[in-house]
Amino acid sequence: GRWSRLGVSVRVSTNHRDATAMSFHCIVPGHPPVSANAFKQVASNRWIVTLECQEAINEVVAFVTEPLEPSTALGCHIASPPFEESSWHYLGAITAQAPSVVFKTRLVWTARDALPTCVQFGIELQPTAQLAARPAEMVSVEVLEAGRRIGKDLYEYVASFAAPGGGVPPPGYIVLRGDVFERWLARFNDKCARSGLDWLYNSG
């Protein structure tokens, strides 16, 4: 289903838990916590809140103070103005095993998003298995493309030192696999998909 804009009138089911009952909260670091009753219910299993700051919103902390049922989880989403369908990013899930998460939203913002000071943060109650099968957006496609171009430039530079014609390289030359760039790019994309750019800080 699609995300609805904040303020849209939606008939909701009365047999779903509301946001207050779930004791859901979020925080923009350096600002007061936003409690569950600040969220507006826009569908039977979806809630949205608008967050505004004077500075760019680069991180959001989300947590529950009441345990979730093991079979359910809260998918967390974020969007920048104008809050269109295509502007929503899936950040990850709050689960019974992970009742609090820090989302580094600065890594998912695209050039279109810029560095927003006003965002909509949304949660969606879904089966745990369904969310587990959905990968979170750890970095934007633009970050991945920038990494690909940097890697390609480095590959072309290093390849200029490859030994001509194969065989034993003379002094000062190296031997490269023909698919070294593709193998590196697959590794780079996999690391970004698993941990955003945090792995860069753990590298020597």
Consider SER44 carefully, then state whether it is buried (at least 17 other Cβ atoms within 10 Å of the Cβ), modelled with pLDDT under 90 and of a type outside the set (A, V, I, L, M).
no
Is it the case that segment 7-14 has a residue that's outside any strand (DSSP E or B) and at pLDDT 90 or above?
no
Failed condition for LYS152, given (1) open to solvent by 50 Å² or more (accessible area, probe 1.4 Å); (2) out of contact with any helix residue (DSSP H, G or I) (no Cβ under 8 Å at 6 or more places or on another chain); (3) at pLDDT 75 or above
(2)
Name the pairs: first residue in segment 111-139 and in contact (Cβ under 8 Å) with a residue 12 or more places away in the chain, second residue among the hydroxyl-bearing types (Ser, Thr, Tyr) and in a loop (DSSP other than H, G, I, E, B), Cβ to Cβ under 7 Å, at least 6 apart or on different chains?
ASP113/SER80; PRO116/SER80; VAL119/SER80; PRO127/SER71; THR128/SER71; THR128/THR95
Looking at segment 137-152, can you tell me whether even one residue there is within 27 Å of THR72 (Cβ to Cβ) and of a type outside the set (Gly, Ala, Ser)?
yes
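Would you confirm whether any residue within segment 71-78 is open to solvent by 60 Å² or more (accessible area, probe 1.4 Å) and either touching a Cys at 6+ places or on another chain (Cβ under 9 Å) or among the β-branched types (Val, Ile, Thr) (or both)?
Within segment 71-78 (the criterion being open to solvent by 60 Å² or more (accessible area, probe 1.4 Å) and either touching a Cys at 6+ places or on another chain (Cβ under 9 Å) or among the β-branched types (Val, Ile, Thr) (or both)), the answer is no, since none of the residues qualifies.
For (1) surrounded by fewer than 17 Cβ atoms within 10 Å (Cβ to Cβ); (2) over 11 Å from the mean Cα position of the chain (by Cα), each residue gets a yes or a no:
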residue: ALA56; (1), (2): yes, yes
residue: VAL64; (1), (2): no, yes
residue: SER80; (1), (2): no, yes
residue: THR95; (1), (2): no, yes
residue: SER100; (1), (2): yes, yes
residue: LEU107; (1), (2): no, no
residue: ALA111; (1), (2): yes, yes
residue: PRO127; (1), (2): yes, yes
Scanning for something surrounded by 15 or more Cβ atoms within 10 Å (Cβ to Cβ), without any contact (Cβ under 8 Å) to a residue 40 or more places away in the chain and within 30 Å of SER71 (Cα to Cα), does segment 170-187 turn up at least one residue?
no
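The values are calculated or read from the model by the stated rules, or taken from the named source; none is laboratory data. Because the structure is predicted, anything quoted here is derived from the model rather than measured. Every residue, glycine among them, receives a Cβ derived from its backbone with ideal geometry; neighbour counts consider all protein chains shown. Ligands, DNA and RNA are stripped out before the accessible areas are found, and what is left, the full protein with its side chains, is counted by its heavy atoms. Shrake-Rupley method; radii C 1.70, N 1.55, O 1.52, S 1.80 Å.
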